[in-house]
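Read through the structure below, which is laid out as structure tokens, and then see the notes.
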Amino acid sequence: MARASKFDDQLILDTMAQEVADAGMDAATVSSVARRLDAPSGSIYHRFPTRKHLLGALWVRTVRSFYTAVENAVADAEATDLGSHVVDAVFKWIGANPVGATLLLKFRTEDLIDNDWPTEVRIEIAGENQRLADITNRVAEARHVNPLDVVLALIDFPTAAARRAAVFENETVEEAIRQRTTALISQML
């Protein structure tokens with residue numbers, strides 16, 4: 001009978017995410033993750049052959065999760081309260097994924113894809129970028145608005161608002177920011 005894995009992929013990715021959030025992209029290494037986990041480096045290299053594979057898998061997992069939240073929020077692209085669905089989804093995702101949110105706020109896809117990254121990582125990132133484009137275009141067509149306005153309304157504005165709300169750590173202020181953000185993006189959509 002095979003022995004259960006002590007360090008599964010998700011635990012390794014969670015640890016790498018925390019390392020990147022705490023120390024930055026350059027300081028996050030397989031060795032630093034192994035130290036945090038008290039694991040042999042080989043346990044990590046067995047699943048992720050290089051640091052770039054590990055960072056790439058982390059990025060793809062984070063972006064995929066965020067885009068899924070946004071995609072679910074716009075499932076009915078013609079909903080009259082689409083703005084509130086988007087704001088609620090983004091605030092909820094950021095609240096549930098503070099480390100992932102930190103990664104998305106600190107880094108860009110271009111930080112990964114423009115360098116010498118493994119082909120499979122670049123393909124997965126390109127797939128997620130296409131997914132966002134498809135979501136954007138679907139909403140733009142349904143609402144007869146410019147796709148740039150949709151990107152700002154679905155991604156940029158609610159993310160910036162959630163970031164600002166987190167600074168205050170106050171429910172009343174957060175609700176006021178949510179309402180203002182919903183009003184703003186509802187005008188755009």
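The values are calculated or read from the model by the stated rules, or taken from the named source; none is laboratory data. Here the structure is a predicted model, which means the values were calculated and not measured. Heads up, the Cβs are rebuilt from the backbone with ideal geometry, glycines too, and the neighbour counts pull from every protein chain shown.
Here is how the numbers come out for the structure above:
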{"read-out": "Region 113-142, subset farther than 12 Å from residue 63 by Cβ and of a type in the set (D, E, K, R), residue farthest from the chain's Cα centre (by Cα)", "value": "141"}
{"read-out": "Residue 14 surrounded by 17 or more Cβ atoms within 10 Å (Cβ to Cβ), out of contact with any Leu (no Cβ under 8 Å at 6 or more places or on another chain) and not small (Gly, Ala, Ser)", "value": "yes"}
{"read-out": "From the options 165, 161, residue that is closer than 24 Å to residue 59 by Cβ, in the same structural domain as residue 57 (by TED's automatic domain parsing) and aliphatic (A, V, I, L, M)", "value": "161"}
{"read-out": "Residue in region 76-87 that is among the β-branched types (Val, Ile, Thr) and closer than 23 Å to residue 10 by Cβ present", "value": "no"}
{"read-out": "Helices (runs of 4 or more DSSP H) enclosed by region 94-189 - at least 2 residues per element that are over 21 Å from residue 17 (Cβ atoms) and in contact (Cβ under 8 Å) with a residue 24 or more places away in the chain", "value": "119-143, 147-151, 157-168, 171-188"}
{"read-out": "The lone exception for residue 151 - which of (1) in contact with a Ser or Thr (Cβ under 6 Å, 6 or more places away or on another chain); (2) crowded, with 20+ Cβ neighbours inside 10 Å it fails", "value": "(2)"}
{"read-out": "Candidates 128, 175, 124 - the one that is in the same structural domain as residue 67 (by TED's automatic domain parsing), loosely packed, with under 14 Cβ neighbours inside 10 Å and not polar (S, T, N, Q)", "value": "175"}
{"read-out": "Output for region 72-90, where each listed residue is buried (at least 17 other Cβ atoms within 10 Å of the Cβ), in a helix (DSSP H, G or I) and touching a helix residue (DSSP H, G or I) at 6+ places or on another chain (Cβ under 7 Å)", "value": "73, 83, 84, 85, 86, 87, 89, 90"}
{"read-out": "Count of region 159-184 residues which are touching a Gly at 6+ places or on another chain (Cβ under 9 Å) and under 18 Å from residue 101 (Cβ atoms)", "value": "3"}
{"read-out": "Residues of region 30-71 satisfying the condition of being of a type in the set (A, V, I, L, M, F, W, C), assigned to a helix (DSSP H, G or I) and free of Cβ contacts under 8 Å to residues at least 40 places away in the same chain", "value": "30, 33, 34, 37, 44, 66, 69"}
